[in-house]
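Enquirer: The structure's right below; bear with me while I get my questions together.
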Amino acid sequence: SGETLRVLTWNLGYAGLGAGSDFVTDGGKHYFPPSRQAVRANLAGIARTLAGIDADVFLVQEIAVSSPANYWVDVRAGIAPRFAGYDRIFDFDVTTRLLLPPLRVSHGNAIYANRRIASAERVTLPLEDEFLAGIVRHFYSMEIARLAIADTSRQWVVINVHLAAFDKNGEVRRRQLAAVLRFADDE
């Protein structure tokens, strides 16, 4: 391409998994962060860190828009100032069914680019079994952005993935990774 593309990827953990958390899937005892104040402090730290990073493309996972899992702190709004002027795509990967606020959960993934996103698409990946008895559902996918390369018809192809983390035998993760690698090979 004749140019360098600097890329950062970061799973924000919906700003709820800071140093003070004792999350059950990490061997802890709690499903929720210690407090709304802790989530806000985590988000402030995330925003400060993002502001200091010089990258062309940011691949960000677990951005909460509304969630009791982080005391309804809007992470997407909290990081938005950092990406003023950036092209972006956002896609929900965790949503609730049939739940009204305040119980509704909305988390997603985003690609922010300091250059034009020529096109974007979502490719669904193999899903894990129903999550939380049909109330909450993961929609695993690859968010794919094609970024223009100056003075050429070629494009960068950037893929943001957030794979299953807790399937018991790893079979879902293996199928998901195989799909990602097939897509990369086709490219």
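The values are calculated or read from the model by the stated rules, or taken from the named source; none is laboratory data. Not measured: the values here are computed from a predicted model. Cβ sites come from the backbone with ideal geometry, for glycine too, and all protein chains shown count toward neighbours. Ligands, DNA and RNA are excluded from the accessible area calculation, which covers all protein heavy atoms including side chains. Shrake-Rupley method; radii C 1.70, N 1.55, O 1.52, S 1.80 Å.
Enquirer: Looking at segment 168-177, which of its residues are assigned to a loop (DSSP other than H, G, I, E, B) and open to solvent by less than 20 Å² (accessible area, probe 1.4 Å)?
Expert: Result: GLY170, single match.
Enquirer: Examine segment 43-53 for a residue that is of a type in the set (Ser, Thr, Tyr), over 22 Å from PHE166 (Cβ atoms) and under 19 Å from the mean Cα position of the chain (by Cα), and state whether such a residue exists.
Expert: Among the residues of segment 43-53, at least one is of a type in the set (Ser, Thr, Tyr), over 22 Å from PHE166 (Cβ atoms) and under 19 Å from the mean Cα position of the chain (by Cα), which makes the answer yes.
Enquirer: Identify all residues within segment 52-77 that are farther than 14 Å from GLY13 by Cα, open to solvent by less than 40 Å² (accessible area, probe 1.4 Å) and of a type outside the set (D, E, K, R); write none if there are none.
Expert: ALA55, VAL57, PHE58
Enquirer: Quick one: is ARG97 at pLDDT 90 or above and more than 18 Å from the chain's Cα centre (by Cα)?
Expert: When the stated conditions are applied, ARG97 does not pass them.
Enquirer: Right, next: Residue by residue through segment 7-37, note down the ones that are open to solvent by less than 70 Å² (accessible area, probe 1.4 Å), part of a loop (DSSP other than H, G, I, E, B) and among the hydrophobic types (A, V, I, L, M, F, W, C).
Expert: LEU12
Enquirer: Further question: Looking at VAL123, VAL180, VAL158, which is the one that is open to solvent by less than 30 Å² (accessible area, probe 1.4 Å), out of contact with any Asp or Glu (no Cβ under 8 Å at 6 or more places or on another chain) and farther than 30 Å from ASN42 by Cα?
Expert: VAL180
Enquirer: A further question follows. Here is a list of conditions, (1) open to solvent by 50 Å² or more (accessible area, probe 1.4 Å); (2) over 25 Å from ALA64 (Cβ atoms); (3) modelled with pLDDT of 90 or more; (4) among the small types (Gly, Ala, Ser), and ALA150 meets all of them except one; can you say which number that is?
Expert: (3)
Enquirer: Another question about this same structure. If only one of ARG97, ARG40, ARG88, ARG48 is basic (Lys, Arg), without any contact (Cβ under 8 Å) to a residue 40 or more places away in the chain, surrounded by fewer than 19 Cβ atoms within 10 Å (Cβ to Cβ) and within 26 Å of VAL123 (Cβ to Cβ), which one is it?
Expert: ARG88
Enquirer: Still on this structure, please answer the following. Does ARG122 satisfy being at pLDDT below 95 and closer than 20 Å to LEU5 by Cβ?
Expert: no
Enquirer: Against the condition more than 19 Å from ARG122 (Cβ to Cβ) and under 15 Å from the mean Cα position of the chain (by Cα), how does GLY78 come out, does it pass?
Expert: Yes: the conditions hold for GLY78.
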